[in-house]
1. All but one of (1) crowded, with 16+ Cβ neighbours inside 10 Å; (2) at pLDDT 90 or above; (3) out of contact with any Cys (no Cβ under 7 Å at 6 or more places or on another chain); (4) facing chain A (nearest Cβ under 8 Å) hold for B:Leu109; which doesn't?
2. Hey, among the residues in segment A:82-107 that are in contact with a helix residue (DSSP H, G or I) (Cβ under 9 Å, 6 or more places away or on another chain) and at pLDDT 85 or above, which one's nearest to A:Lys121 (Cα to Cα)?
3. Does A:Phe198 meet the test of being in contact with a helix residue (DSSP H, G or I) (Cβ under 8 Å, 6 or more places away or on another chain) and closer than 21 Å to A:Gly310 by Cβ?
4. Could you list all residues from segment B:46-79 that are under 15 Å from B:Leu112 (Cβ atoms) and exposed (fewer than 11 other Cβ atoms within 10 Å of the Cβ)?
5. For segment A:139-162, name all the residues that are at pLDDT below 90 and part of a strand (DSSP E or B).
6. Could you list all residues from segment B:1-29 that are among the hydrophobic types (A, V, I, L, M, F, W, C) and crowded, with 17+ Cβ neighbours inside 10 Å?
7. Looking at (1) aliphatic (A, V, I, L, M); (2) touching a Cys at 6+ places or on another chain (Cβ under 7 Å); (3) closer than 19 Å to A:Ala401 by Cβ, which is the one condition that is false for A:Met145?
8. Please tell me if B:Lys169 is within 7 Å of chain A (Cβ to nearest Cβ), assigned to a loop (DSSP other than H, G, I, E, B) and at pLDDT 90 or above.
Amino acid sequence: MTKERSIRHKYLNYWCSLPHDILKLIAEKVSFVDCLSMSKVCMSWNGILGEEHPSTQRHGLPCLLVSGRGNSETKTCISVLENRVWELKLPESCGKYCWGSFCDWLIMVNNVYSHEIKLIKVNLVNPFSGSQINLPPLGPFFHKMVLSGLPCEKNFMCMVVQRGIFGLAFWFPGAKLWLPVGKKKGQCQDAVFCNGSFYLLDDRLNVWKIDVRDIYSAYYGSLKAYDGALSQIKTGFYGAPVQNLWNEDTKKSFTYLVESVGKLLLVRRYFNLKRNKWIETKKFEVYALDFETLIWKKVEDLGDEMLFLGKSYSTSFSAKELGVGIRNSIYLCNDPMDRLATEWDDKWDDECDLRHVIPKKTRLRTGVKNWGIFTFGNENNDKPFCFRGDKNMWTDTWFTAPSWWCCRNIPPIQRK
Amino acid sequence: MKMMKPYVWLQTSDDSIQQVEQEIAMFCPLICQEIIQKGMGSSKNCAICLPQQVSPAMLSLILDYCRFHQVPGRSNKERKSYDEKFVRIDTERLCELTSAADSLQLKPLVDLTSRALARIIEGKTPEEIRDIFHLPDDLTENVEVEEEHVDDRSVDDLLSFINGNDGGKLNILTILIFVFT
């Protein structure tokens, strides 16, 4: 028997030839870090666990996409939980700005002109699978886009939020154009999707709810008669207890809406302005909406959760399910002072050379680290914060490197 | 209503044929389908041919499991403690059992055994898992797992190094760069 044959013979005797589906089932029952270790066991397991599949929200590794220079084909990604920096080849990003994300999907935008009218072209790009979805062009007056789910799912919906006034627009597969919805007083500070509804936070910290079913019925039901008024869509009003949340510190705070395992969280980040130039975060407060009483209840402990907080996208992960990271923590990236600014305002020249589109206010962040960790229960310590990374030009974006891709491309994560 | 036959004939992977209480065997969806849809198993001559993953030893284990859970009125605590003891077998048999239960589409048992396998894997390095499951080390030679680059410095050391003291440009020289292909 030749050496090769004897080895093959030995392999045939390896008693563990688990069916592929079983191996995947086991991988679902262990933490992400364990799953990564499983993928490094042998070729066969690597092939099975590295098989490409549409990701689910909590399956993968949270990473920070550093916006960097828009004219580069590669983007720097910081895998904050394993202290690793890698380059993501993203030719689609060339000449574009990353507006936000949803799991492993990125929202890329650039300017286009139609009959001399400036419009924003939106592409949803999955850098891992290579999938792309083009959305109809938008007017240049929106500051945030929220996705209800993965763009590869049939029933997903996008919402864009206008700056200055409380104006919205919706798009979903099958719709030819954006469905505009407006307008009432106030501004929308942040928005998120949670349990079948979009939630919007106005500048008085009131929360508004819009059920996706009402948007579908407004679109299909009264398409001709529809005049784009907010009143035509049923909007749930969730009055926040203003006396608690609206205070002197409000001006020196950012407020975010975050979805975390079916809970709707309101996160307030208080800061000092340092020499009027950059912000220094002082503390965090987290409230959870009680859907029955419609009252925000203060959360003192996030338990196993880690929140990833940012202007363009916030999300949460379980430290236990990941097997790495600091539980009961907020991972933040530094937002520009003017949170309602759109980065491409007035600065986007015809060549789309994004080096010129750095908004003034954002540029003031010189010297500020671009991400950090805040751990609850650590407030009295000298260092409740740990800022890391480098100053940067734009808002960085949290996104998720999907599990299958990590299994193929990154080595096991060392346990501490 | 058709009268329930008390026994069913099953043929395992070694071609041996045995008689099993139908009530118990019907717990396995695959056997259930064979009986109801194809009318198999009523005699030794038309015994139900079980998938090759099911050896007589595995069949006996699976039937033990079905027999216990088929009895009504057991408390959740009793069932849980039975299940815990049931999967306290060596890893090799646990794998065989999982494959056999999977081939019979017996989902609750697949779930139980795969959870037990997950617990074995938890917290282990790829090398340790390879040893436990007797799997070939055929990956490291083909795929670059650049272990020599693993940085065991503390987070703060690493970061102050990355940042430099002046908060200057990101220096990624020492850190792995993965190029997406």
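1. The number of the failed condition is (4).
2. My answer is A:Leu106.
3. Numbers: in contact with a helix residue (DSSP H, G or I) (Cβ under 8 Å, 6 or more places away or on another chain): yes; closer than 21 Å to A:Gly310 by Cβ: yes.
Spelling it out, A:Phe198 is indeed in contact with a helix residue (DSSP H, G or I) (Cβ under 8 Å, 6 or more places away or on another chain) and closer than 21 Å to A:Gly310 by Cβ.
4. B:Asn76 - this is the single residue of segment B:46-79 that is under 15 Å from B:Leu112 (Cβ atoms) and exposed (fewer than 11 other Cβ atoms within 10 Å of the Cβ).
5. Passing the criteria: A:Phe142, A:His143, A:Lys144, A:Val161, A:Gln162.
6. Residues of segment B:1-29 among the hydrophobic types (A, V, I, L, M, F, W, C): B:1, B:3-4, B:8-10, B:17, B:20, B:24-28.
Scanning segment B:1-29 gives B:Val8, B:Trp9, B:Leu10, B:Val20, B:Ile24, B:Ala25, B:Met26, B:Phe27, B:Cys28.
7. Going through the list (1) aliphatic (A, V, I, L, M); (2) touching a Cys at 6+ places or on another chain (Cβ under 7 Å); (3) closer than 19 Å to A:Ala401 by Cβ, A:Met145 breaks only (3).
8. Values: within 7 Å of chain A (Cβ to nearest Cβ): yes; assigned to a loop (DSSP other than H, G, I, E, B): yes; at pLDDT 90 or above: no.
In short, no.
The values are calculated or read from the model by the stated rules, or taken from the named source; none is laboratory data. As the structure is a computational prediction, the values presented were derived from the model and not from experiment. Neighbour counts are summed over all protein chains in view; Cβ atoms, including those assigned to glycine, are modelled from backbone coordinates with ideal geometry.
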